[in-house]
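Notes follow the structure.
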């Protein structure tokens, strides 16, 4: 029996609780989440962290896509931040410090802040789209949901570069298939790797290494 079809679209406000269920299921075993929140991260902390990030940053400034089946159930989700939405996001996160403290506790919050600042320092200085996460329910794995969400997001780039952090070799393989190139690993965090989708300049998509070397991807 063929797998049930699904549709990719933007999330609706009333779908936030179900969307968070998907993210908790997808990221509880994630190695990067274990680095941030401990070897056995509590689902309520993961849910609170994602809920605050989505409400503060991605709902007002970004794009939240979902894959839904014929009954409207969410199978997976991806969250993107466009270049213009990234200005001032660190200040917003610091403003929400008391909320993060309540969700995570002091020890985990210190680790989250240190990791966030470290990772931000290694993101591209030039304009780029940023992929926050892609999460897919376990029951929907192997149906191309992650690929479909990624392809949908790529259609928005319009020649602009994009960047993400891959937290597992499996996710890095997915991103590589869709044109992202590894540009370095994050020491002391997890197996996380920074990956770049090169910009298209005058109709040519440049290799990120040669482009950077030749000054083609200069800071804005």
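Across region 58-69, what is the number of residues that are under 19 Å from residue 27 (Cβ atoms), in contact with a strand residue (DSSP E or B) (Cβ under 8 Å, 6 or more places away or on another chain) and either without any contact (Cβ under 8 Å) to a residue 12 or more places away in the chain or not in a strand (DSSP E or B) (or both)?
The total comes to 2.
In this structure, does residue 174 turn out to be out of contact with any strand residue (DSSP E or B) (no Cβ under 6 Å at 6 or more places or on another chain) and modelled with pLDDT of 90 or more? Please lay out each step first, then the result.
Numbers: out of contact with any strand residue (DSSP E or B) (no Cβ under 6 Å at 6 or more places or on another chain): yes; modelled with pLDDT of 90 or more: yes.
For residue 174, the condition - out of contact with any strand residue (DSSP E or B) (no Cβ under 6 Å at 6 or more places or on another chain) and modelled with pLDDT of 90 or more - is met.
Quick one: how many residues across region 137-182 are part of a strand (DSSP E or B) and buried (at least 21 other Cβ atoms within 10 Å of the Cβ)? Spell out the reasoning first.
Residues of region 137-182 part of a strand (DSSP E or B): 161-166, 181-182.
Filter once more, keeping what is buried (at least 21 other Cβ atoms within 10 Å of the Cβ): 161-162, 164-166.
Here the count works out to 5.
Considering only region 84-115, how many residues are within 12 Å of residue 57 (Cβ to Cβ) and either touching a strand residue (DSSP E or B) at 6+ places or on another chain (Cβ under 8 Å) or surrounded by 15 or more Cβ atoms within 10 Å (Cβ to Cβ) (or both)?
Filtering region 84-115 down to residues within 12 Å of residue 57 (Cβ to Cβ) leaves 85-93, 95-96.
Cutting the leftovers down to either touching a strand residue (DSSP E or B) at 6+ places or on another chain (Cβ under 8 Å) or surrounded by 15 or more Cβ atoms within 10 Å (Cβ to Cβ) (or both) gives us 85-86, 89, 93, 96.
So the answer is 5.
Please state which of the following conditions residue 58 fails to meet, knowing it meets all the rest: (1) buried (at least 21 other Cβ atoms within 10 Å of the Cβ); (2) over 19 Å from residue 145 (Cα atoms).
That leaves (1) as the condition not met.
Hey, can you tell me all the residues within region 17-34 that are in contact with a helix residue (DSSP H, G or I) (Cβ under 7 Å, 6 or more places away or on another chain) and in a helix (DSSP H, G or I)?
20, 23, 24, 25, 27, 33
Which condition breaks for residue 134 when tested against (1) more than 20 Å from residue 56 (Cα to Cα); (2) modelled with pLDDT of 95 or more?
Tallying (1) more than 20 Å from residue 56 (Cα to Cα); (2) modelled with pLDDT of 95 or more, residue 134 fails exactly one: (1).
Just to be sure before I move on: is residue 211 in a loop (DSSP other than H, G, I, E, B) and at pLDDT below 90 in the structure I sent? Steps first, answer last, please.
Numbers: in a loop (DSSP other than H, G, I, E, B): no; at pLDDT below 90: yes.
Criteria not met by residue 211.
Here are some residues: 4, 18. Which one is in contact with a strand residue (DSSP E or B) (Cβ under 7 Å, 6 or more places away or on another chain) and free of Cβ contacts under 8 Å to residues at least 60 places away in the same chain?
On the way: 4 fails: free of Cβ contacts under 8 Å to residues at least 60 places away in the same chain.
The unique qualifying residue is 18.
Which of the residues that make up region 70-94 are assigned to a helix (DSSP H, G or I) and within 26 Å of residue 14 (Cβ to Cβ)? Spell out how you get there, then give the answer.
Of all residues in region 70-94, those assigned to a helix (DSSP H, G or I) come to 83-85, 89-94.
Selection gives 85, 89, 92, 93.
From the set of residues in region 25-49 that are closer than 13 Å to residue 103 by Cβ and free of Cβ contacts under 8 Å to residues at least 40 places away in the same chain, which is surrounded by the fewest Cβ atoms within 10 Å (Cβ to Cβ)?
Here is the first cut: in region 25-49, the ones closer than 13 Å to residue 103 by Cβ are 36-37, 41-49.
After this cut, where a residue has to be free of Cβ contacts under 8 Å to residues at least 40 places away in the same chain as well, the list is 41-44, 46-47.
Details: 41: 20, 42: 15, 43: 12, 44: 10, 46: 23, 47: 18.
Per the criteria, the residue is 44.
The values are calculated or read from the model by the stated rules, or taken from the named source; none is laboratory data. On a predicted model such as this, the values are computed, not experimentally measured, just so you know. Backbone-built Cβ (ideal geometry, glycine too); neighbour counts: all protein chains shown.
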